[in-house]
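J.: Once you've had a glance at the structure underneath, I'll fire off some questions.
The values are calculated or read from the model by the stated rules, or taken from the named source; none is laboratory data. These numbers were taken from a predicted model, which means no experiment stands behind them. No Cβ is skipped: glycine too gets one built from the backbone with ideal geometry, and neighbour counts run over all protein chains shown.
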């Protein structure tokens with residue numbers, strides 16, 4: 001197994017729950033989504049560290065609401081949250097989109113990561129960038145709604 005990106009200004013190892021593969025509470029498949037995210041983003045250089053988590057239900061065992069990007073399974077699909085952060089100055093993530101299909105997750109995450117890469121200052125976490133630019137602007141720029 002290759003060494004994970006545990007430090008530096010990059011996407012860290014994606015935290016995933018066992019979801020529908022092993023957990024009777026799961027409502028969506030977190031393993032498939034999490035492995036796809038890990039394959040695409042793990043180790044990618046960005047303006048600051050970038051943490052992701054994927055969980056299969058609203059019990060949130062991987063803590064998606066306190067990650068830069070969190071994907072949570074719900075009865076109606078997936079919810080994507082952005083800008084969370086734990087630690088000394090915690091920030092609960094903002095809900096970007098809800099009730100999307102598994103096929104919609106990666107294209108939206110692509111937009112989020114690209115937007116963050118292009119708009120964040122060096123060492124600025126996603127939540128701080130959202131606070132600086134405003135959530136409504138960030139949401140509009142990413143989703144175009």
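J.: Can you tell me how many residues in the stretch 76-87 are in a loop (DSSP other than H, G, I, E, B), out of contact with any helix residue (DSSP H, G or I) (no Cβ under 8 Å at 6 or more places or on another chain) and modelled with pLDDT of 95 or more?
T.: Adding up the residues that qualify gives 1.
J.: Now, a different point. Against the condition within 14 Å of the chain's Cα centre (by Cα), closer than 19 Å to residue 58 by Cα, outside any loop (DSSP other than H, G, I, E, B) and modelled with pLDDT of 95 or more, how does residue 73 come out, does it pass?
T.: yes
One line per residue, one yes/no per condition, for (1) within 17 Å of residue 52 (Cα to Cα); (2) assigned to a loop (DSSP other than H, G, I, E, B); (3) within 14 Å of the chain's Cα centre (by Cα):
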position	(1), (2), (3)
89	no, yes, no
104	yes, no, yes
115	yes, no, yes
123	yes, yes, no
131	no, no, no
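J.: Does residue 93 count as more than 17 Å from residue 19 (Cα to Cα) and surrounded by 22 or more Cβ atoms within 10 Å (Cβ to Cβ)?
T.: yes
J.: While we're here: Identify the residue in the stretch 81-90 that is surrounded by fewer than 23 Cβ atoms within 10 Å (Cβ to Cβ) and in contact (Cβ under 8 Å) with a residue 24 or more places away in the chain and, among all such residues, is farthest from residue 38 (Cα to Cα).
T.: 90
J.: While we're looking at this one, here's another question. Could you list, in sequence order, the residues of the stretch 49-70 that are assigned to a strand (DSSP E or B) and in contact (Cβ under 8 Å) with a residue 40 or more places away in the chain?
T.: 50, 52, 54, 69
J.: Follow-up question, since we're still on this one. Just give me the residues in the stretch 38-48 being touching a helix residue (DSSP H, G or I) at 6+ places or on another chain (Cβ under 9 Å) and in a helix (DSSP H, G or I), in sequence order.
T.: Within the stretch 38-48, 40, 41 qualify.
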